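The values are calculated or read from the model by the stated rules, or taken from the named source; none is laboratory data. Owing to the predicted nature of the structure, the values given are computational and were not obtained by experimental measurement. Every residue, glycine as well, gets a Cβ built from its backbone with ideal geometry; the counts of neighbours run over all protein chains shown. The area values use the complete protein model at the heavy-atom level, side chains included, leaving out ligands, DNA and RNA. Shrake-Rupley method; radii C 1.70, N 1.55, O 1.52, S 1.80 Å.
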Amino acid sequence: MKLPLLLASFGIVLGLLGASTLTPYTWDLPKGFPQPLVPEDNPMTEAKVELGRHLFYDVRLSGNGAQSCASCHKQELAFSDGLGTSVGSTGDIHPRNSQSLTNSAYNATLTWSNPVLEELEQQILIPMFGEFPVELGLTNKEAEVYARFESDPLYESLFTDAYPGEAQPVTTKNIVNALSSFTRTLISGNSRYDQYVYGAKRDALTLSEKRGMDLFLSEKTECHHCHGGFNFTHSVKHQNNAQFVEKSFHNTGLYNLDGAGAYPLGNTGVHEITGKPEDMGKFRAPSLRNVELTAPYFHDGSAKTLEEVLSFYEASGRFVETGDRAGDGRSNPHKSGFVQGFSLSDQERQDLINFLKSLTDESFITDERFSNPFE
């Protein structure tokens, strides 16, 4: 084949494939952050990420057109929702607090307590199609929902760019892969803490915050045992630890309904999956990055402030005197050995709270790459 004809043929192939196929997503990782793991069957591309961003903010992705992913994951709240427990598109109340999506690319497991959900591509199916409770409510409405995107010229272009060569690219798999790709980009690592530790900006933290950091890393409070490492949780995975991923879950003594360690029905943690008594009340320790923005706290949103959380750990658990959740969580037999309680002065308590607030990344919650493309 002559060179001009060869080049022309090559150009046609490029056109059919779409230029986006040749544009892998470029990671702009903060200092100290390893490369995230990405499934081989869902490689990151710029076009897939952009499609995912649009879908993430589009209420048309819910069965009744009432909610989007962003309804429960707001950028200004570090992609949490500010509610004790989330509310689905049909009004169903979720039993769990909406977790922040901050750095979810590094989570060894997804959700509060499911040890087998290890990939975003698995987890995203739950809010889309789950029925107990209904969140986005796509079950039995897939054709109707997908037709909304097929008839939109914007999405015709976005899907074609992300999945070139596919005659009908608006599919469940492609939507899930695009949403997963966008979610993996939600990386936060420019807090004042990061500027101090990784940026050598010695005045980035106040004296109080530095004292709080020392307390956080001390054996007195033992916070770092469950909330350590670059992402302030030990339940992480990335390219540097792919062979030795730690999937950690802990019972912190929130409840003890029967004196034998029981948690409220429907919120028993890993126990719901395994049925093992020793897994009662075990939940994943979330990242503390942007924790100032993600109140209320714990898996059921039962702590309203950071001060309340800290008081809980000082007391080594929660004692509920009356009501249907009465019981002494401090003596829960399944409680983690790291939750032993400690005593802080008023100044130490404020120092520790100040340090936690230094983990807020203002640039993350205003980054246009993660923002609503329809505004």
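General observations
- Stretch in the chain that is longest and holds no chymotrypsin sites (Phe, Trp or Tyr not before Pro) that DSSP places in a loop and that have at most 13 other beta carbons within 10 Å: 1-243
- Neighbour-limited loop hits for GluC sites (Glu not before Pro), the stretch 189-255 (at most 13 other Cβ within 10 Å; DSSP other than H, G, I, E, B): GLU219, GLU246
- For the chain, the solvent-accessible area of protein heavy atoms averages 46 Å² per residue (probe radius 1.4 Å; ligands and nucleic acids excluded).
- For GLU219 and ARG369, the FRET efficiency from 1/(1 + (r/R0)^6), where r spans their Cβ atoms and R0 equals 45 Å, is about 0.70.
- Note on LYS247: aspartates and glutamates with a C-alpha under 12 Å away, same-chain residues under 8 apart excluded, are GLU118.
- Rounded FRET efficiency, nearest 0.05, which uses the C-beta distance separating LYS31 from GLU362 and R0 of 22 Å: 0.80
- Largest GNM mean-square fluctuation across ALA143, ALA204, ALA47, computed for the chain with C-alpha springs under 10 Å, falls on ALA143.
- Members of LYS173/LYS304; LYS48/LYS141; LYS173/LYS357; LYS237/LYS357 lying beyond 27 Å, as alpha-carbon distances in this model show: LYS173/LYS304; LYS173/LYS357
- For the chain, average projected area of the Cα convex hull in nm²: 22.2
- Sparse-neighbourhood loop sites, trypsin sites (Lys or Arg not before Pro) in the stretch 290-375 - DSSP loop, at most 13 other Cβ within 10 angstrom: LYS304
- Rounded percent of accessible protein surface that carbon and sulfur make up, the stretch 143-240, 1.4 Å probe: 52
- Restriction of the trypsin sites (Lys or Arg not before Pro) in the stretch 174-268 to DSSP coil positions whose beta-carbon has at most 16 other beta-carbons within 10 angstrom yields LYS201, ARG202, LYS220, LYS247.
- Area accessible to solvent at GLU142, 1.4 Å probe radius, in Å²: 60
- Of the residues PRO127, THR185, ALA147, the one whose Cα sits farthest towards the positive end of the charge dipole of the stretch 101-191 is THR185 (charges of +1 on Lys and Arg Cβ, -1 on Asp and Glu Cβ, taken about the Cα centre).
- Relative contact order, whole percent, for the chain stands at 21, derived from Cα pairs under 8 Å and 6 or more residues apart.
- Prolate/oblate/rounded label for the stretch 41-137 (Cα gyration tensor, a/c 1.5): rounded
- Value of D in µm² per second that Stokes-Einstein yields for the stretch 191-338, Kirkwood Rh from Cα pairs, at 25 °C (0.890 mPa s): 146
- Qualifying lysines (Cα of each under 16 Å from Cα of LYS276; at least 8 residues distant if same chain): LYS335
- FRET efficiency, 1/(1 + (r/R0)^6) with R0 41 Å, evaluated for SER345 and ALA200 via beta carbons: 0.85
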